[in-house]
Amino acid sequence: MADPMPEIKSLAHAVAAWPARMLFPPVCAGCRRQIIQPGALCGACWPSLRFLEKPWCEVMGTPFAHDFGVGFLSAEAIANPPPFARARAAVAYTGVARRMVQGLKFHDRTDLGPWMARWMVRSGAELVADAEVVVPVPLHWRRFLWRQFNQSAELARNVAKLAGLPFAPTAVRRIRRTRQQVGLGHREREDNVRAAFVVPSEAEIDVRGRRVLLVDDVYTTGATVAAVTRALKKSGASAVDVLTFARVLPGDFRPDDQDTI
């Protein structure tokens, strides 16, 4: 006879959650319309979400219109090789994905973190499989006090939990308060974050000799994750891969776009 306890426990959890579902009904992660399943998207928002899939550049993770074969690299990866080994993102930074990122970052929608992380783990499966520790891009302490949380750390914590990997939230410190990257061009972004990050001596044990999975919310020009990567490798990380929720694709980024993160 089958053990009835799993079904009884599932029913008990459902009953216990019923009052919360009545008081705080689940809403669409994109537009906040009421839906049935928490963390899902409504029928209007789902079609506007563009998942990034193969074929893509093996290094940068930018999608190709055609499959050019294994190992084919983008012009960006060839002309300006990044300090990190590979970069992947779950979705393109447009439409509902942009609203989700801004909801998490500016409107305390930390409830989105677990769902965004699931898509990230799916997209970055090969990076997750090779990773030995998960590290978020840090905020400067003053910005952290103002915002009260680090959106990259929220995503990294959930990625680490889903992947069963160690999470090192303080492995990297932002030692210089940089300007907001919004409105800056590629070169300006690089100058803005140069020498802004360091691995404290007490945190070197978390990264030395390990392959690090560096997590951020959006990959725009790559200036920030490149700067963090250099700090990690200087402190002994064997390699660094970058995983973000969203990616600003080539041609989408405009320096005067005040909504670009």
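Here, each number is a calculation from the coordinates, and none is a lab measurement. Everything numeric in this text was worked out from a predicted model, so none of it was measured. Using ideal geometry, Cβ is built from the backbone for each residue, glycine included, and neighbour counts are taken over all protein chains shown.
For the reader, a short list of remarks on this structure follows.
- Evaluating 6.51 cos²θ - 1.76 cosθ + 1.60 at θ = phi - 60° for every residue in the range 55-68, the Karplus couplings come out as x, 9, 5, 5, 8, 7, x, 7, x, 9, 6, 9, 7, 9 Hz, glycine and proline recorded as x.
- Take each peptide in 75-83, 111-119, 211-219, 149-157, count the other Cβ atoms within 10 Å of every residue, and average; sorted highest first, the result is 211-219, 149-157, 111-119, 75-83.
- The coefficient of translational diffusion for the range 49-247, derived via Stokes-Einstein from the alpha carbon Kirkwood radius under 10 °C and 1.306 mPa s, stands at 94 µm²/s.
- Percent of Cα pairs in the range 101-175 per distance bin of 10 Å, from zero to the largest separation: 20, 49, 28, 3.
- Check: the range 79-156 dipole with +1 on Lys, Arg Cβ and -1 on Asp, Glu Cβ, in debye: 360 debye
- Of all DSSP beta bridges in the range 49-247, antiparallel share, percent nearest 5: 15 percent
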